[in-house]
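Peer 1: Please see the structure below; I have some questions.
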Amino acid sequence: MADNPVTAADPASVTDPASVTDPASVTDPASVTDPVRRREQTAGRDLRYPPLPEPLVVPIYDNHTHLEIADGDEGLSVAEQLHRASSVGVRGVIQVGGDLETSRWSAQAAAAEPRMLAAVAIHPNEAPGYDAAGTLDDALAEISALAARPRVVAVGETGLDFFRTGPDGRSAQFRSFEAHIEIAKQHGLALQIHDRDAHAEVIETLLRVGAPERTVFHCFSGDAEMARICADNGWYLSFSGTVTFKNSDNLRAALAAVPRRLLLVETDAPFLTPAPFRGRPNAPYLLPHTLRAMADHLETDVSMLAAQITSNTELVYGRWDAEPVTAPDTLSPADASHRGGIA
Ligand SMILES: [Zn+2]
C-alpha cells in the first residue's frame with residue numbers, strides 16, 4: 001500500500017470478525033467480500049469516485065490493489081468494484097495484503113472470486129511492530145502457510161521503507177524482507193516489492209539473498225538508471241497512477257528506459273489516483289487512465305500496450321482461471337496442500 005495510513009473499519013461493517021481472523025472458520029461468504037478497513041480521511045478531501053473511463057478494447061489486469069480498504073462516499077462492495085472494473089476492460093486484480101488480517105482476507109477472497117488472485121505478506125512498515133511484540137516469526141510462518149493456498153500467486157507487499165520507518169525498525173524490515181524472499185522462492189511464487197526511499201538497499205538485498213525468478217517492483221518509484229538495473233536483472237516494473245503526475249518526469253524516463261516485456265500496471269487503490277483525478281478515491285476501474293498515459297508517453301497504441309502488459313502479467317502470476325475458485329466454507333488448509341507439490 002502507499003503511504004496513506006488506514007484505520008480499522010467501522011465495527012458495523014465487519015459482519016463476522018472471527019471469519020477474518022481464522023482462515024479455516026469462514027462460513028459467511030459476505031464476510032470476505034466487504035472491506036475490513038477504512039482509509040483514514042483528511043479534511044477537505046474530495047470523496048467522490050471519479051466517473052467510469054472509456055472502456056479499453058484490449059483488457060488488462062490490475063497488478064496491485066487493496067479492495068479490503070474502503071474509501072470514498074459510496075461504500076462500494078468488492079463485487080461492485082470488480083463489476084465496474086470489468087465494465088471498462090480491467091478483467092481482474094491482484095488483491096494484496098499487508099498484515100496477517102489483510103493477508104488472510106486476501107487469500108479467502110481470491111479463493112472464492114474468479115476475478116481476484118491474492119498476494120500475502122507483512123508490509124515493511126508492519127514488520128517492526130510484529131518484531132517488537134515478539135510475533136514476527138509466527139507471522140512469517142503463517143504467511144508461508146497462506147502462500148501455499150490456492151489462488152495465492154505472489155508474496156507481497158514486502159521490502160523496505162525508510163520513509164515511514166526510522167532506523168530503529170530497519171533490522172526488523174531487513175529480516176522480514178529476506179524471509180519473504182525465501183517464502184516466495186520456496187513456494188515458486190512471484191515477489192511484489194514495496195520500496196520507499198530504499199532503492200539501493202532493496203537492490204542489494206535481492207542480489208545478496210537471490211531474487212525469486214519473478215520479481216516485481218510494485219509502484220515503481222526509481223529513475224531511469226534504477227530501471228535499467230532492474231531490467232538487467234529481469235525484474236518487472238509495475239507503474240501506478242504516479243506515472244501520470246505532472247512532476248513525475250523521472251518515472252516517465254524510467255518507463256521509456258526498459259523493455260516492454262518487463263512492464264506491468266497497477267492502481268494501488270484506494271491510493272495514488274491517476275490524473276486528472278488525483279486525490280479522489282482510486283479503484284481498479286480507473287486503471288485505463290494510467291495505461292493510456294503510459295501509451296501516450298511511449299508513443300504507442302493503447303491496445304498494443306495492453307496486449308503486451310496482459311501477456312507480461314500472465315507470465316508473472318499465471319492465468320486468473322488456472323486454479324478454480326472454491327466456496328469459502330469448503331476451503332480448509334488441507335484443500336490447499338496440493339500447491340506444495342507444484343512449488
Ligand atoms: Zn499497496
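Peer 1: Compute the signed sum of charges (Lys and Arg +1, Asp and Glu -1) over the other residues within less than 12 Å, Cβ to Cβ, of Thr273.
Peer 2: Details: positive: Arg39, Arg45, Arg48, Arg278, Arg280; negative: Asp46, Asp71, Asp268.
The answer is +2.
Peer 1: Could you sort 164-172, 176-184, 225-233 so that the peptide with the highest average Cβ count within 10 Å comes first and the rest follow in order? Kindly include the intermediate steps, with their values, before the conclusion.
Peer 2: Details: 164-172: 14.6, 176-184: 23.4, 225-233: 16.3.
The most tightly packed comes first, giving 176-184, 225-233, 164-172.
Peer 1: What's the ranking of 239-246, 110-117, 187-194 by average number of surrounding C-beta atoms within 10 Å, highest first? Mind showing how you got there, number by number?
Peer 2: Numbers: 239-246: 22.0, 110-117: 23.5, 187-194: 25.9.
Most protected by this proxy first, the peptides run 187-194, 110-117, 239-246.
Peer 1: What is the spin-label model distance, in nm, from Glu213 to Phe163 if the labels are put 7 Å beyond Cα along the C-beta direction?
Peer 2: Modelled inter-label distance: 3.3 nm.
Peer 1: Now for a different question. Evaluate the charge dipole of the range 141-268 about its Cα centre and quote only its size in Debye, nearest 20, assuming +1 on the Cβ of each Lys and Arg and -1 on the Cβ of each Asp and Glu. Spell out each step's value before the answer.
Peer 2: On the way: 14 positive and 17 negative charges, 80 e Å.
With Lys and Arg at +1 and Asp and Glu at -1, about 380 debye.
Peer 1: While we're looking at this one, here's another question. How far, in nm, would the chain grow between Thr135 and Ser87 when pulled straight, counting 0.36 nm per residue and subtracting the alpha carbon separation?
Peer 2: Working: separation 48, 0.36 × 48 = 17.28 nm, distance 4.22 nm.
Going from the current span to full extension adds 13.1 nm.
Peer 1: Cut-off 18 Å, label point 7 angstrom out along Cα-to-Cβ of Asn233: give me the residues of the range 157-183 whose amide nitrogen falls inside.
Peer 2: So the set is 157-162, 173-183.
Peer 1: Now for a separate question. So what is the diffusion coefficient of the range 62-334 in µm² per second by Stokes-Einstein at 25 °C and 0.890 mPa s, using a Kirkwood Rh over Cα pairs? If you can, show how the numbers build up before the last one.
Peer 2: On the way: Rh = 18.5 Å.
The estimated diffusion coefficient comes to 133 µm²/s.
Peer 1: Using R₀ = 25 Å, calculate the FRET efficiency as 1/(1 + (r/R₀)^6) where r is the Cβ-Cβ separation of Glu204 and Lys246; round to 0.05.
Peer 2: With a Förster radius of 25 Å, E is 0.20.
Peer 1: Can you give me the relative contact order of the chain as a percent, contacts being Cα pairs under 8 Å and 6 or more apart? Let's see the in-between values first.
Peer 2: On the way: 753 pairs, mean separation 70.4, N = 343.
21 percent.
Peer 1: If you average the C-alpha positions of the range 59-137 and of the range 163-192 separately, how far apart do those two centres end up, in angstrom?
Peer 2: 18 Å
Peer 1: Of all beta bridges DSSP finds with both residues in the chain, what is the antiparallel percent, to the nearest 5?
Peer 2: Working: 3 of 30 bridges.
Counting DSSP beta bridges with both partners in the chain, the antiparallel share is about 10 percent.
Peer 1: Below 12 angstrom from the Cβ of Ala224, what's the summed charge of the other residues (Lys, Arg +1; Asp, Glu -1)? Write out the running numbers ahead of the final one.
Peer 2: Details: positive: Arg228, Arg252; negative: Asp223, Glu225, Asp249.
Counting the neighbours of Ala224, the net charge comes to -1.
Only the coordinates and a few stated rules stand behind these numbers; no lab work does. As the structure is a computational prediction, the values presented were derived from the model and not from experiment. Every residue, glycine as well, gets a Cβ built from its backbone with ideal geometry; the counts of neighbours run over all protein chains shown.
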